[in-house]
Amino acid sequence: MYESHFGLTGSPFQLNPDPAFFYDSRGHRHALAYLKFGAHQGEGFIVVTGEIGAGKTTVVRALLEELDASKVVAAQIVSTQLAAGELLRAILIAFGVPMAGDSKAHFISTLEAFLTSLAVQGKRALLIVDEAQNLGRESIEELRMLSNFQIGTHSLLQSFLVGQPELRNLLKSKAMEQLRQRVSASCHLTPLDCEDTRKYIEHRLHHVGWAGNPEFSIAAYEKIHAWTAGVPRRINRLCNRLLLAAYLQDRNGITEAMVVATASELRSEIGGLSDLAPVSVAATEEAAGGNIDLDIDIDIEAAGRDADTSRLIPLPEPLREWRPAMVQAPPPPSATRTVLCVCDSASGFWKFASLAQALAELSTVPAPTIVHTGSEHAIGKVADTALTGAYTAIHLALDPGDYGRVVSAATARFDAVLEEQAPAAVFVAGTQDSALACALLARKRGFPVLRLDAGRTQGAGTDAALNGTLIDRLATECLTQDIADSNRLVREGKPSENVHFMGSVAAKFIGIVFPQLDSAEKILAEFDVPDSLRSRYGMLAWRFPTTSDPQQIAAQLAAVLRHIAHEIPLVWPLRTSERRRVIVAGCDQLLEQAGVLLVRDRGYIDALALLRHARCLVTGADGQLLEEAAALGIPTIAVGHEASDDDELAGRCDVAVGLDTQLAQRAVRVVNASNPHLDDKGFSPDVWDGGATARVTKWLAHWLGHSYRSRRRGMETIG
């Protein structure tokens, strides 16, 4: 009715899910990315949960739109308290499979025969179970049993379980342990925040040709968010009514008053069943958090505890006939083509540079190409060394920021690099979104993915930890720093023959640049640090929080740091953006009163110079500079992190303080009782002897040649 009046080509706020209107909010974007990851595995269960109207079905349909329909046969059922026998019948009907009998045994044999026939045709089956929270435990167990159908090591059926939050609670119950072990990806959608609500509305309007008529005021957007709590279906319902009201009243603008009047009218029409209610913007944004809550207990950590992980992790080598038609399989690895070394930090860059130096001594392996996802100025420079000329560097110049923009830009730029270089393999170090995007693209294009420093779990629950785990899963081969990392990967399901214990590559680079580093006294003098502190200081490497209450975190941190800085004054290098957050939060004086000196971060190379003369390193949950400190023998203290007995960070530091002031005092005693270098005290990693670079180089040269021969034999056998 109102569409032609406002010059629209269609209805922008229809209630039925339509992937053409998919809006990639941060939460929905993350959800779609993890669903793609799960779908790429082609096995197990993928769980999508969220409140009614949160956009679960739209996300799933957006994923289905991207799948090759000639290779994936999808079917959908809606669970309405289906019993196990009824569920089997519903699945067969959804896939369009004729049934000659009505017994459970017949249903199972018929379904298995159908799935096997798809596999023979080079296809795979995907089952979507909507409203899965209504499934009984017997029905869920039936679904789990169906996941046992396979040919060789490849599953015949993958299932998406889509439901309301009750589904998460059901899967967390002890009775669901076996099914949890087979969940390969899980995401929970939460409402949009106020800004995303505005963008969501404009996105749908632009999709049907909106040219600004009617115009929404800023206050109107805020009221829409307050009345709908950021739930997409509620937004659609209210905005549809708002456009109708504007049309009937012959208005060209949507005002705050119109939103209140229309929302109140809509609520009165649907009475006590109304799901529209005014909610404060602040409360909704707090509830929405980051828009997505990835259930690590289900999709990552639980799979490693007493789990049948042989079916879950790692990713299977994609079957040639399943490869998307538009992607041409790359040539097999060989020792005559370059290796792309992808890194997202200065430390990763220089690790690969030291590997390049060792590779330069091998005439059979060409110089690698280091692909740094950031800008050239972020790397820092060292004096002329043997590293110079040992590699080619490409800087993607990606700025940190919104996940979607980073991944989109990384994919486009790295795709061009892959097209030009056609590498033998892609070697990945790092845990940022850009590194994950490059690893995913390389795997999608069929290039082998090698992983440097695999198995790290520092900063559990953070995006970095999750990204690291996903890259580990994607990797064809995993190279680890110590035996604990190797054991963890094998325990989580990575085949032992694909896990290689090498040691720390950082130790080699530090040894190369050590004589060329500026003195700490020179650097600190430029920051006007008092002479008395230049020879007895500790270094703080800790990310300032971006939480809603940084002052509270800073106050807790200052209370702990005070006990350390009383004996060992702390120097905290901060980037400009971090220092700005500290000052805006009013925490700079609080920290300075605790004995923490805030100085400008001059980059990774100068950070090494400060670290080598520091009496200790104080780090946070993400373990910044922890590897470098261990290689230099510097005592390490972890703060601001509640560590448990089995926490990896606690095991890698000499003392894990958390927010405990008594432990902070103990930490000072540990440092003061030791020399600036601990020698054989404290944490001593296995084979951090400076020889890891040579071991990695030798392994890589062997792998390139061996992988080429074995793949050639495999192709001849298939042909």
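The numbers here are math on the coordinates, done by the rules we state, and not lab data. Fair warning: this is a prediction, and the values are worked out from it, not measured in the lab. Quick reminder, even Gly has a Cβ in these numbers, built from the backbone with ideal geometry, and neighbours come from all protein chains shown.
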Completion exercise
Cross-link reach from LYS199 to lysines, straight Cα distance under 18 Å and at least 8 residues apart if same chain, gives LYS223
Exercise for the section: Starting from the exponent 0.38 and prefactor 2.2 Å, build the expected Rg for the stretch 1-159 from its residue count and divide its actual Cα Rg by it. Expected result: 1.17
Exercise for the section: Pop out the ³J(HN,Hα) list for the stretch 438-449 in order, Karplus 6.51 cos²θ - 1.76 cosθ + 1.60 with θ = phi - 60°, rounded to Hz; leave Gly and Pro as x. Expected result: 5, 5, 4, 5, 4, 5, 4, 7, x, 7, x, 10
Fill in the blank from the handout: Using alpha-carbon positions, the gyration tensor of the stretch 570-618 gives root eigenvalues a ≥ b ≥ c; with a/c under 1.5 called rounded, otherwise prolate if a/b exceeds b/c, else oblate, the class is oblate
Problem - Using θ = phi - 60° and Karplus 6.51 cos²θ - 1.76 cosθ + 1.60, couplings along the stretch 206-213 (whole Hz; Gly, Pro as x) - result: 4, 5, 10, x, 4, 10, x, 10
Problem - Reach of LYS71 by Cα under 20 Å, taken over lysines that are not fewer than 8 positions away in the same chain - result: LYS36, LYS123, LYS444
Exercise for the section: Would you please calculate the Kirkwood hydrodynamic radius of the stretch 151-245 over all C-alpha pairs and express it in Å, rounded to one decimal? Expected result: 16.6
Fill in the blank from the handout: What the 10 Å binned alpha carbon P(r) of the stretch 490-529 shows, as percent of pairs per bin from 0, is 21, 23, 22, 14, 16, 3
Practice task
Return the long-range amide H neighbours of ALA425 (sequence gap of 5 or more, or a different chain), with a cut-off of under 5 Å between placed amide H atoms.
Solution key: LEU340
Completion exercise
Packing-ranked peptide list from 179-187, 165-173, highest mean Cβ count within 10 angstrom first, is 179-187, 165-173
Completion exercise
Residues whose modelled amide H sits under 5 Å from the amide H of VAL599, counting only those 5 or more places away in sequence or on another chain, are TRP572, LEU574
Exercise for the section: Highest first, please rank the peptides 570-578, 44-52, 232-240 by the mean number of other Cβ atoms sitting within 10 Å of their residues. Expected result: 44-52, 232-240, 570-578
Exercise for the section: Determine the shape class of the stretch 149-199: with a ≥ b ≥ c the square roots of the Cα gyration tensor eigenvalues, call it rounded for a/c under 1.5, and otherwise prolate if a/b is greater than b/c, oblate otherwise. Expected result: oblate
Completion exercise
Going residue by residue through the stretch 132-149, the Karplus relation 6.51 cos²θ - 1.76 cosθ + 1.60 with θ = phi - 60° gives ³J(HN,Hα) values, rounded to whole Hz and with x marking Gly or Pro, of 5, 5, 8, 5, x, 5, 5, 5, 5, 5, 5, 4, 4, 5, 5, 5, 6, 4
Practice task
Just grab the label-to-label distance for GLN150 and ILE218, each label 7 Å out from Cα along the Cβ direction, in nm (one decimal).
Solution key: 5.6
Exercise for the section: Give, rounded to the nearest 20 debye, the magnitude of the charge dipole that the stretch 1-134 has about its Cα centre when Lys and Arg contribute +1 at Cβ and Asp and Glu contribute -1 at Cβ. Expected result: 280
Handout entry: Net lengthening on full extension, MET99/ALA416 (0.36 nm per residue, minus Cα-Cα)
Key = 109.1 nm
Handout entry: Sequence-distant lysines (8 or more away, or on other chains) whose Cα lies within less than 17 Å of LYS698
Key = LYS351, LYS508
Completion exercise
Sorted by chain and then number, the residues having a modelled amide H within less than 5 Å of the amide H of VAL371, at least 5 places away or on another chain, are CYS341, VAL342, CYS343, ILE394
Completion exercise
Taking a ≥ b ≥ c as the square roots of the Cα gyration tensor eigenvalues, with a/c under 1.5 meaning rounded and otherwise prolate when a/b beats b/c or oblate if not, the stretch 492-619 comes out oblate
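When only C-alpha pairs under 8 Å and at least 6 residues apart count, what is the relative contact order of the stretch 467-609, in percent? Let's see the in-between values first.
On the way: 136 pairs, mean separation 29.7, N = 143.
Worked out over the stretch 467-609, it gives 21 percent.
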